[in-house]
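Here is the structure we will look at, set down as structure tokens.
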Amino acid sequence: MNQGESDLLRIVSRRVLMVALNLCLVPGSLACAQSPATGGFTLPQVLSAPFPTELRSAPALGRISWLSNTEGRRNLWIAEQLQGKFSARQLTHYSADDGVDLGEVAWSPDAQQIAYVRGGDFEAPAKPGANPALLPEGIDQNIWLISLKSGAATEPVKIAAGRSPVFTHAGDALIYLSSGQLWSVQLASDTKPGKSKAAPATAEQPKPGQLLHTRGNIGSLRLSPDGSLLAFVSKRDDHSFIGVYDLRAKSLIYLDPSTDDDIAPAWSPESDQIAYIRTATGNDDYEFAPSRTAALPWSIRIADPKTGRSRELWKAAAGQGSVFRPLASSDQLFWTAGNRIVFPSELDGWLHLYALPVSGGIPALATPSEFEVEHVALSEDRKTLVYSSNQDDIDRRHIWKLSLSDSNPDSGIAKPIAITSGDGIEVEPVVASDDKTVFLLRSDARLPLRVASVTESGTLADLDPQAIPKDFPASQLVVPQQVILSSADGMMIHGQLFLPPAGSEGKHPALVFFHGGSRRQMLLGWHYMQYYNNSYGMNQYLASKGYVVLSVNYRSGIGYGLNFREALNYGAAGASEFNDVLGAGLYLRSRSDVDPARIGSWGGSYGGYLTALALARASDLFAAGVDFHGVHDWNIELGNWNTAFDPNADPNRARVAYESSPVASVSTWRSPVLLIHGDDDRNVQFSQTPKLAGMLRKQNVHIEELIFPDEIHDFLLHRDWLKAYDAETDFFARYLKP
């Protein structure tokens, strides 16, 4: 660290000390109170609960489905109403922590069949399936089918090699993707419950056929409501088209092709129009750098699927909101029963929903105030939207409902109604086929994510109350406290503080946790993404071991508006998040219950980047760190997301990106570090870690390594998470404990 940075540390230390003292002088301040806990649980216990994902509502019979990952065993579940109550049941019975992922669940129109994909990389579908369990047979990606026609579920039937299944309107065939191309396969009509997992007992499965031979990679399959047309996105490297395939005429048309990126197709109820989003090429799309405005704003277009001709329905104005910011949902445009299109926009600096008549006009803000909409779903009758947001509870999530049938003279949408509230976290809502019942995923500070239904009065009921193991240590977990602290440059930053069990006296070692992304927000409870579900459990475990743990929502994350997310000079454009790193460390140093000589840092991905940056620039503040698959040189990482990236094309940008990287400050790195990485990482190149390790060895910095052969970024094996966290616990015990 140079003299200027040392002086800055002293100045900011005094300011953060005053902020901390002021917080502690407030009567009843959360920042100074402790939650009761007894400690004594194990790491496997706190990570033992099933983790549900992909909540899906069936188009009929009121059924829903979800995927559950229980200590690496991934299975498909459904729930349905029996005798007035919802009953959950497990459809598949995969019993090994083998790293073989499940995903892309699809229901048939009558909800009597359900398809899913097993194997492959759902985050990077163009890449082969990873094999961290080193299975001799390797990993194939296949579509499987289960019939529910008899009431009891059949054994899964392997239908075809591929992904992204979509049932035809009649439910007698599946359309799917294989090697980036469009295929279909007829389904055996007389499939009955059978014993074999490879084929139905009474019929031979028909052979698949390829529907199209096209350039580009196909994705985002959307079947028209009448079942005659299939829309999709055809990605062509530097541009993309919306294609429409006529299933009857067996013909293909592209909608108003251009040099731009066309995405997010959405059908009209009558199947005679299709809306989509166009983002213009020519904008400066520089990854991991602020992008507050676009020279060429995005737009919404409506096309005739028969002729391909389109018109511009609406175009974002220059300035705020001109860059398209997507929802955390598979759909971005919602064509309502009232012939309005609901879409996301940051026109007012927050990610909100707007409504616009298909005939055109000025969009009406449907979700006003300073919060952000995240997960959105439309009911089958297109009259109700449900969404999650942090409205009135900035560091949590709750569910809200928009009625689209109530006629508001401005928007055609009624005022949003909260369907959940309180100290819990509710996300990813869906509306059942009765167009009334809402299902969601919920958690709180002590109980992890689980599937629940919610009545119109707001009463929540878990669908599988027995899912969480009996020895899960819920009663021993601390309730994290909201902390708002000052960064080194004065920006106010939110965090969650985990304190050791009540009765733990004296000064404690402390840790700062940095999430990845960076487009993430950690919450005051168990997270809805599995990576951060694990991180939350680890922070609870570290607190039980006597650490004061501060989880930091640093700038460039979500939840606090456009300008916070697109913070000036963040990431590869200047590493302005380092101000938040310093502020967090100095906040902990100022606490009376923290030993200032025993503060460490840990995090993964972008959090690994910030951990490495903390150790490289402030080893006198951070005594040790654990870096999970972190970014260490931006000029390497940028090429991972943009294959056309050339650091020589703009030497000044390349220089700033390098200076924003931990490797640029490695000469002042003195603190020991544990480096953890899977060598089949598709998000952060594995080469980042060997490069850093070599540089640190040359200057005699103590490093330790934990490398997982054939493991990816978000570890597929539960036992790898346990091994990594166990190594982290041991490392910090040796370097931060007395």
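Being among the acidic types (Asp, Glu) and without any contact (Cβ under 8 Å) to a residue 12 or more places away in the chain is a condition met by at least one residue of region 628-646.
Given the criteria out of contact with any Pro (no Cβ under 6 Å at 6 or more places or on another chain), part of a strand (DSSP E or B) and among the aliphatic types (A, V, I, L, M), does Ala510 qualify? In short, yes. Applying the criterion of being outside any helix (DSSP H, G or I) and of a type in the set (A, V, I, L, M, F, W, C) to the residues of region 545-585, the residue that is nearest to Ser660 (Cα to Cα) is Ala575. A single entry from Ser388, Ser359, Ser330, Ser322 fulfils the requirement of being among the polar types (S, T, N, Q), on the phi < 0 side of the Ramachandran plot and part of a strand (DSSP E or B): Ser388. One residue stands out among those in region 570-594 that are in contact with a helix residue (DSSP H, G or I) (Cβ under 9 Å, 6 or more places away or on another chain) and either more than 19 Å from Gln496 (Cα to Cα) or of a type in the set (Ser, Thr, Tyr) (or both): the one that is most open to solvent (accessible area, probe 1.4 Å), which is Ser592. Beta carbons closer than 6 Å, at least 6 apart along the sequence or on distinct chains, never pair a first residue in region 355-381 that is within 24 Å of Gly62 (Cα to Cα) and free of Cβ contacts under 8 Å to residues at least 12 places away in the same chain with a second that is among the small types (Gly, Ala, Ser) and open to solvent by 20 Å² or more (accessible area, probe 1.4 Å). The numbered conditions (1) in a loop (DSSP other than H, G, I, E, B); (2) hydrophobic (A, V, I, L, M, F, W, C); (3) over 25 Å from the mean Cα position of the chain (by Cα) are all true for Met695 except (1).
Applying the condition of being of a type in the set (S, T, N, Q) and open to solvent by 40 Å² or more (accessible area, probe 1.4 Å) to region 402-420 and asking which residue is modelled with the lowest pLDDT yields Ser407.
Yes or no, residue by residue, for (1) acidic (Asp, Glu); (2) modelled with pLDDT under 95; (3) within 21 Å of the chain's Cα centre (by Cα); (4) open to solvent by 20 Å² or more (accessible area, probe 1.4 Å):
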{"residue": "Val323", "(1), (2), (3), (4)": "no, no, yes, yes"}
{"residue": "Ser329", "(1), (2), (3), (4)": "no, no, yes, yes"}
{"residue": "Leu333", "(1), (2), (3), (4)": "no, no, yes, no"}
{"residue": "Phe343", "(1), (2), (3), (4)": "no, no, yes, no"}
{"residue": "Glu346", "(1), (2), (3), (4)": "yes, no, yes, no"}
{"residue": "Tyr387", "(1), (2), (3), (4)": "no, no, yes, no"}
{"residue": "Trp400", "(1), (2), (3), (4)": "no, no, yes, yes"}
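Scanning region 474-494 for residues that are more than 17 Å from Gly424 (Cβ to Cβ) and open to solvent by 10 Å² or more (accessible area, probe 1.4 Å) turns up Gln476, Ile484, Asp489, Gly490, Met491, Met492, His494. Filtering Asp423, Asp434, Asp464 for residues that are in contact with a Gly (Cβ under 9 Å, 6 or more places away or on another chain), modelled with pLDDT under 95 and assigned to a loop (DSSP other than H, G, I, E, B) leaves a single hit, Asp434.
For (1) within 24 Å of Lys401 (Cα to Cα); (2) not hydrophobic (A, V, I, L, M, F, W, C), each residue gets a yes or a no:
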| position | (1), (2) |
| --- | --- |
| Gly319 | no, yes |
| Asp331 | yes, yes |
| Arg340 | yes, yes |
| Phe343 | yes, no |
| Glu346 | yes, yes |
| Leu351 | yes, no |
| Ala355 | yes, no |
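Of the candidates Leu47, Leu76, the single residue that is open to solvent by less than 40 Å² (accessible area, probe 1.4 Å) and closer than 25 Å to Thr455 by Cα is Leu76.
Counting only residues that are free of Cβ contacts under 8 Å to residues at least 60 places away in the same chain, farther than 24 Å from Gly227 by Cβ and open to solvent by 20 Å² or more (accessible area, probe 1.4 Å), region 139-188 holds 11 of them.
Counting only strands (runs of 3 or more DSSP E) wholly contained in region 194-313, the ones carrying 3 or more residues that are surrounded by 16 or more Cβ atoms within 10 Å (Cβ to Cβ) and within 31 Å of the chain's Cα centre (by Cα) occupy 217-223, 229-235, 240-246, 261-267, 274-279, 299-303.
The residues of region 424-437 that are among the charged types (D, E, K, R) and touching a residue at least 60 places away in the same chain (Cβ under 8 Å), listed by number, are Glu428, Asp434.
Filtered by the rule that a residue be under 17 Å from Pro738 (Cβ atoms) and out of contact with any Leu (no Cβ under 6 Å at 6 or more places or on another chain), region 589-599 gives Asp593, Asp595, Pro596, Ala597.
The values are calculated or read from the model by the stated rules, or taken from the named source; none is laboratory data. Quick caveat, the model's predicted, so the values are computed rather than measured. Quick reminder, even Gly has a Cβ in these numbers, built from the backbone with ideal geometry, and neighbours come from all protein chains shown. Ligands, DNA and RNA are excluded from the accessible area calculation, which covers all protein heavy atoms including side chains. Shrake-Rupley method; radii C 1.70, N 1.55, O 1.52, S 1.80 Å.
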